Structure formats: structure tokens, C-alpha cells
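Notes to accompany the following structure.
Computed from the coordinates by the stated procedures, all read-outs in this text should not be read as laboratory data. For clarity, every value in this text was computed on a predicted model and none was experimentally measured. Quick reminder, even Gly has a Cβ in these numbers, built from the backbone with ideal geometry, and neighbours come from all protein chains shown.
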Amino acid sequence: MGFVYVDVMMRGRKGSGKLRMLVDTGSTYVILGSEAIEELGLLETPYTVNLVLADRDVVKARVFLAEAEVKGRRGPVLVAEVDTPIPILGVYALETLGFKVNPLTGELEEISPEGGYLLHTGV
């Protein structure tokens, strides 16, 4: 299939910006460097996560909140701060926005309503 890239509009408290991101279904979070996080003014959470990188190194990363928009679909995403040359769009964001990667075409496909499904028990 090769690499899949997508244009993502990221929004924070200070502003917004379009970023070309590598779609990584093996990554949990959106990964952005500290400069992008600062420029957007993302909201820092009190949490940190330990991330295992492709070379098996483990890094501790602070976690932030942002809004992401892909192909007109918007939703909240968790962003881990790791200085990386290429921003990464992880699987939590894909699922929040209702997308999956088609392995044959390398394109994003809608799989659920924007924001996902809610279970309603009728109570």
C-alpha cells in the first residue's frame, strides 16, 4: 500500500493551521512537535504517556487536546508531544472522525458517523 498522507486542519486556543500528516494506524495518538503545539495553543492535560517508537525506544510524552478536521469532519483529538519531522495522525483520531484506511487504495474511507456511534438504551 505504501504511505498514506492527509491534510488535517488542527485547531487550538491560539489559532489553526493545515498540516500534512502521515496516517499511522499503528499509532494511538496524533503526534506533533513542541513548536506546532505552542503555535496552535493546544490545551495541556495533566497526563503523560509512554510511547514505544518504531526503533523500540520508549519516550515519555505530554498529552494535549486539540480539534482536528479531515475532509469536513471535525472532532476532539489527543495529541502527544514528540519532536518529529512528520506529524502523525493516529488511530484514535481516525476513529473519532469516522475514517479507516483502505489498504488497497491507500485512501481514507468513511466508516461511521462523524463523532462515532452512541449507544441509546431507550431509558
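Worth pointing out:
- Computed about its Cα centre, the charge dipole of the stretch 5-110 is approximately 240 debye, with only Lys, Arg, Asp and Glu carrying charge at their Cβ.
- Along the chain, longest interval not containing exposed chymotrypsin sites (Phe, Trp or Tyr not before Pro), exposed being DSSP loop plus at most 15 other Cβ atoms within 10 Å: 4-116
- Here is the list for the stretch 5-88: trypsin sites (Lys or Arg not before Pro) lying in DSSP coil, each with at most 10 other C-beta atoms within 10 angstrom of its C-beta, are Arg13, Arg56.
- Per-residue extension of 0.36 nm, minus the Cα-Cα distance of Val58 and Tyr92, leaves a gain of 10.3 nm for this segment.
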